[in-house]
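Below: one structure, written as structure tokens.
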Amino acid sequence: MAVARPLRAGRRMQRLTIDLADRSYPILIGPGLLADAREWAERLPGGPLLVVTNETVGPPYLPRLRAALGARRLAECVLPDGEAHKTLATLARVFDALAAARVNRDGGVLALGGGVVGDLAGFAAASWQRGVAYAQLPTTLLAQVDSSVGGKTAVNHASGKNLIGAFHQPCVVAADTDALATLPEREFRAGLAEVIKYGLIRDPAFLAWLETAMPGLLAREPEALARAIRRSCEVKAEIVGRDEREHGERALLNLGHTFGHAIETAAGYGEWLHGEAVAIGTVMAAEASERLGWLSRADVERVLAAAGLPTAAPRIGVERALELMRMDKKVLGGRVRLVLLKRLGEAVVTGDYDERALLGTLQAQVA
């Protein structure tokens, strides 16, 4: 589970721990972590390092990362930006860079960027020489609160999102909140979908705080951001600490994702940001929960409205949506299991639901 360590007076960095026995690691949250590596570089292996980034993140952050790491041997792999490049072909480029940099098991990988970079670099680290160390250096809100934490790594396939991957825990997560200052507005709001998710599945008090704090979050006020990121990471750390490989409770973290991944795949990777698709998927999960009599209409309307996220799905068609949802990793015995809301703050993973609730939701949203 997550262990929150109180800050000393005057310190702005916050530290949590993912408790996974010999695979435990810290999550560091605060400003300036990319320019000052003292708090996290000690977790890196001693051999050569490959930093994987993209054409957007690399130019502003690679120089400060190089300066922070000083004399460390550091090679670079700069990839094209966007979900459309989260493929096996791009993964092969990372493997080529690892070979060129002569990264062996005494070396490692630094994932510098958002969720696409983190997933790609983490999967490369999981696979290279059957597993080398890697650090997550997330630069987007979505990555800082979700994809960088918990050890899920993957690339996409034409049949579905994140179908090819592995569980491989990082040695450290260093979330530099300064990086959020220049994040495009659309990407920032997309990250809020994952923040809101934590309140919906586990913490109604956090959800209520988010509703009142949303103006400050949208204005990117540092204190509000730090609190939102910390609490999001605490919830995820607690769940991952109990269910690392998603045999049960961890599936709750996929609220909105079964619907959302179908939307991303059908629309074409990159047309919808992941957080936007999750936002729509979360609304659809809430509407299905309402059809089952678990949520009120007022509850559904609370879900995402304050963040200004999309709430209407693209018209991909009911059959196409069902086809893609049946590829979801939670499917058991051919039955699509959904993460639904018994009430705000309490989620369940279930395949035992009235099929009419699912079909009615799809008819209303994607037909």
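Can you tell me which residue within region 305-329, out of those that are over 30 Å from Glu211 (Cα atoms) and either in contact with a Cys (Cβ under 7 Å, 6 or more places away or on another chain) or among the basic types (Lys, Arg) (or both), is surrounded by the most Cβ atoms within 10 Å (Cβ to Cβ)?
This residue is Lys329.
What are the pairs, 6+ residues apart or on separate chains, where a residue within region 233-251 that is surrounded by 18 or more Cβ atoms within 10 Å (Cβ to Cβ) has its Cβ under 8 Å from a residue that is part of a helix (DSSP H, G or I) and of a type in the set (Phe, Trp, Tyr)?
Val235/Tyr198; Val235/Phe206; Lys236/Tyr198
Within the group Leu338, Leu295, which residue is crowded, with 18+ Cβ neighbours inside 10 Å, under 24 Å from the mean Cα position of the chain (by Cα) and aliphatic (A, V, I, L, M)?
Answer to the check: Leu338.
If you check every pair at least six apart or on different chains, which have Cβ atoms under 9 Å apart with a residue in region 115-131 that is free of Cβ contacts under 8 Å to residues at least 12 places away in the same chain and in a helix (DSSP H, G or I) first and a residue that is surrounded by fewer than 24 Cβ atoms within 10 Å (Cβ to Cβ) and of a type outside the set (A, V, I, L, M, F, W, C) second?
Taking only residues 6 or more apart or on different chains, the pairs are Arg130/Arg105.
I need the full set of residues from region 193-206 which are buried (at least 18 other Cβ atoms within 10 Å of the Cβ) and in a helix (DSSP H, G or I), in order please.
Ala193, Glu194, Val195, Ile196, Lys197, Tyr198, Gly199, Leu200, Ile201, Phe206
Could you please let me know if Val300 is within 22 Å of Leu200 (Cα to Cα), part of a helix (DSSP H, G or I) and aliphatic (A, V, I, L, M)?
yes
May I ask you to list the residues in region 77-99 that are among the hydrophobic types (A, V, I, L, M, F, W, C) and in contact with a strand residue (DSSP E or B) (Cβ under 7 Å, 6 or more places away or on another chain)?
Of everything in region 77-99, those that are among the hydrophobic types (A, V, I, L, M, F, W, C) and in contact with a strand residue (DSSP E or B) (Cβ under 7 Å, 6 or more places away or on another chain) turn out to be Cys77, Val78, Leu79, Leu88, Leu91, Val94, Ala97, Leu98.
Got at least one residue in region 275-295 being among the acidic types (Asp, Glu) and over 29 Å from Asp354 (Cβ atoms)?
No - not one qualifying residue is present in region 275-295.
Which of the residues belonging to region 341-358 are assigned to a strand (DSSP E or B) and either surrounded by fewer than 18 Cβ atoms within 10 Å (Cβ to Cβ) or in contact with a Lys or Arg (Cβ under 9 Å, 6 or more places away or on another chain) (or both)?
Lys342, Arg343, Glu346, Ala347, Val348, Val349, Thr350
Rundown of residues vs (1) over 18 Å from the mean Cα position of the chain (by Cα); (2) of a type outside the set (A, V, I, L, M), yes/no style:
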position: Pro222; (1), (2): yes, yes
position: Cys233; (1), (2): no, yes
position: Asp243; (1), (2): no, yes
position: Glu246; (1), (2): no, yes
position: Thr258; (1), (2): no, yes
position: Ala266; (1), (2): yes, no
position: Gly270; (1), (2): no, yes
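Only one of (1) surrounded by fewer than 23 Cβ atoms within 10 Å (Cβ to Cβ); (2) not in a strand (DSSP E or B) fails for Glu76. Which number is that?
(2)
Report yes if Gly165 is farther than 17 Å from Val51 by Cβ and either touching a residue at least 60 places away in the same chain (Cβ under 8 Å) or in a helix (DSSP H, G or I) (or both), otherwise no.
Against the criterion (farther than 17 Å from Val51 by Cβ and either touching a residue at least 60 places away in the same chain (Cβ under 8 Å) or in a helix (DSSP H, G or I) (or both)), Gly165 does not qualify.
How many of the residues in region 256-292 are closer than 10 Å to Leu341 by Cα, of a type in the set (D, E, K, R) and either surrounded by fewer than 20 Cβ atoms within 10 Å (Cβ to Cβ) or in contact with a Lys or Arg (Cβ under 8 Å, 6 or more places away or on another chain) (or both)?
Of the residues in region 256-292, 1 are closer than 10 Å to Leu341 by Cα, of a type in the set (D, E, K, R) and either surrounded by fewer than 20 Cβ atoms within 10 Å (Cβ to Cβ) or in contact with a Lys or Arg (Cβ under 8 Å, 6 or more places away or on another chain) (or both).
Kindly provide the set of residues from region 70-96 that are out of contact with any helix residue (DSSP H, G or I) (no Cβ under 6 Å at 6 or more places or on another chain), under 24 Å from Ala35 (Cα atoms) and β-branched (Val, Ile, Thr), ordered by number.
Hits for region 70-96: nothing passes.
Which of the residues belonging to region 271-297 are part of a helix (DSSP H, G or I) and closer than 14 Å to Val366 by Cβ?
Ala277, Ile280, Gly281, Val283, Met284, Ala285, Glu287, Ala288
Going through region 340-350 one residue at a time, which ones are touching a strand residue (DSSP E or B) at 6+ places or on another chain (Cβ under 6 Å) and either among the β-branched types (Val, Ile, Thr) or farther than 15 Å from His257 by Cα (or both)?
Matches in region 340-350: Lys342, Val348, Val349.
Select, from Ala179, Ala190, Ala143, the only residue that is surrounded by 21 or more Cβ atoms within 10 Å (Cβ to Cβ), in a helix (DSSP H, G or I), touching a Leu at 6+ places or on another chain (Cβ under 6 Å) and at negative phi.
From the options Ala179, Ala190, Ala143, the qualifying one is Ala190.
Only the coordinates and a few stated rules stand behind these numbers; no lab work does. Values in this document were obtained by computation on a predicted structure and should not be read as measured data. When we count neighbours, we look across all protein chains shown, and the Cβ atoms used for this are built from the backbone with ideal geometry, even at glycine.
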